[in-house]
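Each remark here refers to the structure printed beneath this line.
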Amino acid sequence: MGLSINTNPSAMAALRTLSLTQNALSNTQRQIETGLKVAEPKDNPASFTIGQAMRGDIASLEAIEEGLTFGQATVSTGNAGVLQISNALIDINQKITQAFNDGLDVTILQAEVDAQLAQITSVVNETVFNGVNLIDGTSPDLDVLTGLGGVTQTIANQDLRLATLGIATLDLTNPAAALTALGAAELAVGNAMTALGTAANSLDSQAEFTQLLTDKLKEGLGILVDADLAEASAQLQSLQTKEQLGIQSLSIANARPQSILQLFQ
């Protein structure tokens with residue numbers, strides 16, 4: 001093809017190549033800036049859609065982790081209260097046993113037992129975490145979110161009030177009857193301790209699994225959308241070189257029509 005001042009195929013070809021190089025350079029620079037090879041739908045529609053779904057699952061799992069943390073703290077508080085009550089019953093057992101001995105002042109022992117019973121009532125009323133009481137027998141059961149899709153674990157409220165335990169009053173003038181009532185109370189408290197302890201173990205296991213699942217999803221998401229920065233850095237240098245060569249090529253192509261001027265000299 002002869003030279004023309006209207007059409008310059010070489011310049012157009014050089015411009016197309018330079019444009020492609022600059023687009024690739026822009027994409028590579030964006031990968032380095034964001035750390036993502038799939039940052040928006042146009043980068044890879046399928047991968048972006050899958051990545052968004054994974055981000056949704058990760059967000060849900062993080063919400064579940066928060067719920068589990070709350071549940072663990074609530075059950076832990078309940079367990080602390082039950083343990084305190086159990087220890088108080090041990091002390092009461094000792095006082096009742098002492099009442100069998102002749103020569104001891106039962107009045108003093110009775111006062112000590114009454115104080116321990118009052119302490120149990122105080123513990124039951126004050127074993128509260130963020131408004132939730134698991135041992136007062138009147139608060140609702142605790143539902144803890146444990147899985148995707150609204151899966152929950154119910155932690156039953158334990159009724160450890162003195163009247164329910166059957167030890168609203170303990171008469172140390174009849175230590176045998178008091179000891180029998182205390183034995184039933186100790187059994188009930190032991191059952192509550194077992195129930196809350198089992199619930200605590202279950203929540204701990206679920207929290208560990210949820211954390212593991214969250215980590216694996218984040219790892220998978222990273223493989224899907226994260227950029228390989230070492231590769232992107234090497235590609236950036238290559239594209240910068242190609243851009244410079246493209247600019248020089250376009251400059252040479254644009255200079256060719258000027259040779260027509262020599263024909264008129």
The correct count of residues that are at pLDDT 75 or above, more than 9 Å from Asp226 (Cα to Cα) and either open to solvent by 60 Å² or more (accessible area, probe 1.4 Å) or not in a loop (DSSP other than H, G, I, E, B) (or both) in region 30-43 is 3
Checked region 109-155 for anything under 28 Å from Ala207 (Cα atoms), free of Cβ contacts under 8 Å to residues at least 40 places away in the same chain and among the hydrophobic types (A, V, I, L, M, F, W, C); matches are Val151
Would you confirm, using the coordinates I've provided, whether Asn23 is at pLDDT below 80 and open to solvent by 60 Å² or more (accessible area, probe 1.4 Å)?
yes
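Within region 192-227, count every residue that is touching a residue at least 12 places away in the same chain (Cβ under 8 Å), within 20 Å of Ile135 (Cβ to Cβ) and not aliphatic (A, V, I, L, M).
Kept after step one, since they are touching a residue at least 12 places away in the same chain (Cβ under 8 Å), are these residues of region 192-227: 192-193, 195-197, 199-200, 202-204, 206-207, 210-211, 213-214, 217-218, 220-221, 224-227.
Still in the running and within 20 Å of Ile135 (Cβ to Cβ): 192-193, 195-197, 199-200, 202-204.
So of that shortlist, the ones also not aliphatic (A, V, I, L, M) come out as 197, 202, 204.
So the count comes out to 3.
Could you say which residue among Gln98, Gln84 is more than 21 Å from Gln206 (Cα to Cα), part of a helix (DSSP H, G or I) and in contact with a Ser or Thr (Cβ under 9 Å, 6 or more places away or on another chain)? It would help to see each step written out before you state the result.
Details: Gln98 fails: in contact with a Ser or Thr (Cβ under 9 Å, 6 or more places away or on another chain).
The conditions single out Gln84.
Condition first: at positive phi and surrounded by 13 or more Cβ atoms within 10 Å (Cβ to Cβ). Now tell me which residues in region 103-146 satisfy that.
Step one: of region 103-146, the residues at positive phi are 103, 130-131, 137.
Gly137 - this is the single residue of region 103-146 that is at positive phi and surrounded by 13 or more Cβ atoms within 10 Å (Cβ to Cβ).
The values are calculated or read from the model by the stated rules, or taken from the named source; none is laboratory data. Bear in mind that the values here come from a model prediction, so they are computed numbers and not experimental data. Using ideal geometry, Cβ is built from the backbone for each residue, glycine included, and neighbour counts are taken over all protein chains shown. Heavy atoms of the whole protein, side chains included, go into the accessibility calculation; ligands, DNA and RNA do not. Shrake-Rupley method; radii C 1.70, N 1.55, O 1.52, S 1.80 Å.
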